[in-house]
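First the structure, in the form of structure tokens, and then the observations on it.
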Amino acid sequence: MGLNRQDKAAVIEEVSGIVANAGSIVIAEYRGLSVQAVTQLRANARKEGVQLRVLKNTLVRRAVTGTPFEGLSDQFVGPLVYGFSADPVAAAKVLVSFAKKNDKLIVKGGAMPNNVLDVAGVEQLATMPSREELLAKLMATMNEPIAKFVRTLNEVPARMVRTVAAVRDAKEKAAA
């Protein structure tokens, strides 16, 4: 049974809200996937903070009209699963990694705000580190000079203690 006009308007409104907060959208054809595979894909997506939706293409096309993702609307053809994520890399990582394990899922394309990506672009996006990984690397880089300074400061008293211990051991050996 199809959706009535009010239900369609509600779906468009909901998808518009998701698109407004999205850092990227990735689309993939899911034709032939088993229920178990789709369940596993949804679980992987949920774990990474990605919203997966199977929607009518015409409703998504209307929802992205006037947004930075409008250029992707010409690729909304066939049975598609839409991956929305605030992290620009997360949706691409989830769908590309699942597509490598399951040949029935075919990544069709994606978009970042004002930038439409082809399949190769989505695969490159999937290889990039996530925001959390980049922040961790930045923090490690920022902490390294401080850690090195602390190690240098600790080395002076440690060297003094080792020198005193060596002198003590030498005196004990000479006395024995």
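Could you order Arg42, Arg5 by accessible surface area, starting with the largest, using a probe radius of 1.4 Å?
My answer, sorted largest first, is Arg5, Arg42.
Which value, in debye to the nearest 20, gives the size of the charge dipole of segment 40-176 about its Cα centre, when Lys and Arg are +1 and Asp and Glu are -1 at the Cβ? Could you put the intermediate results ahead of the total?
On the way: 21 positive and 13 negative charges, 93 e Å.
That gives a dipole near 440 debye.
Count the lysine pairs in segment 85-176 whose Cα atoms lie under 18 Å apart, taking only pairs 8 or more positions apart in sequence or on different chains.
5
Along the Cα→Cβ direction, 7 angstrom out, place labels at Glu14 and Glu123. What is the inter-label distance in nm?
3.4 nm
Quick one: how many Å² of Leu55 are accessible to a 1.4 Å probe, rounded to 10?
Its accessible surface works out to 30 Å², give or take rounding.
Counting only C-alpha contacts under 8 Å and six or more residues apart, can you give the relative contact order of segment 1-138 as a whole percent? Can you show the working numbers first?
Values: 217 pairs, mean separation 45.4, N = 138.
Reported as a whole number, the value is 33 percent.
Provide the convex hull volume over Cα atoms per residue for segment 50-89, in Å³.
Numbers: hull volume 3.1 nm³, N = 40.
Dividing the Cα hull volume of segment 50-89 by its residue count gives 78 Å³.
Solvent-accessible area of Met160, probe 1.4 Å, all protein chains present, reported in Å² to the nearest ten, please.
For Met160, solvent-accessible area is about 130 Å².
In Å², and per residue, what accessible area does segment 52-96 have when probed at 1.4 Å with the other protein chains present?
Accessible area per residue, segment 52-96: 37 Å².
On the protein heavy atoms, probe 1.4 angstrom, tell me the percent of accessible surface of the chain carried by carbon and sulfur.
Of all accessible area on the chain, carbon and sulfur atoms account for 58 percent.
Using the crude model of +1 on Lys and Arg Cβ and -1 on Asp and Glu Cβ, and no other charge, please compute the dipole size for segment 98-176 relative to its Cα centre, in debye to 20.
Magnitude of the dipole: close to 380 debye.
Considering only protein heavy atoms, what per residue accessible area in square angstrom results for segment 109-176 with a 1.4 angstrom probe?
Value returned for segment 109-176: 81 Å² of accessible area per residue.
Could you tell me which of rounded, prolate or oblate describes segment 1-97, using a ≥ b ≥ c as the square roots of the eigenvalues of the alpha-carbon gyration tensor, with rounded for a/c under 1.5 and, failing that, prolate when a/b is larger than b/c and oblate otherwise?
Values: a/c = 1.70, a/b = 1.24, b/c = 1.36.
Since a/c reaches 1.5 but b/c is at least a/b, the shape of segment 1-97 is classed as oblate.
Rounded, prolate or oblate: which fits segment 1-43, taking a ≥ b ≥ c as square roots of the Cα gyration tensor eigenvalues, rounded meaning a/c under 1.5, else prolate when a/b beats b/c?
Details: a/c = 2.69, a/b = 1.35, b/c = 1.99.
Note, shape of segment 1-43 comes out oblate.
Is the shape of the chain best called rounded, prolate or oblate, per the rule: a/c under 1.5 gives rounded, else a/b larger than b/c gives prolate, else oblate, with a ≥ b ≥ c the square roots of the Cα gyration tensor eigenvalues?
The shape class here is prolate.
Report, in order of residue number, the helices in the chain meeting two criteria: a C-alpha extent of 18 Å or more along the helix axis, and a mean Kyte-Doolittle hydropathy of at least -0.5; treat each whole DSSP H run as one helix.
Once both thresholds are applied, what remains is 5-20, 131-175.
The values are calculated or read from the model by the stated rules, or taken from the named source; none is laboratory data. Please read all numbers here as calculations on a predicted model, not as lab measurements. Counting neighbours? That spans all protein chains shown, and the Cβs are built from the backbone with ideal geometry, glycine included. Just so you know, the surface numbers come from the protein's heavy atoms only, side chains and all, with ligands and any DNA or RNA stripped out. Shrake-Rupley method; radii C 1.70, N 1.55, O 1.52, S 1.80 Å.
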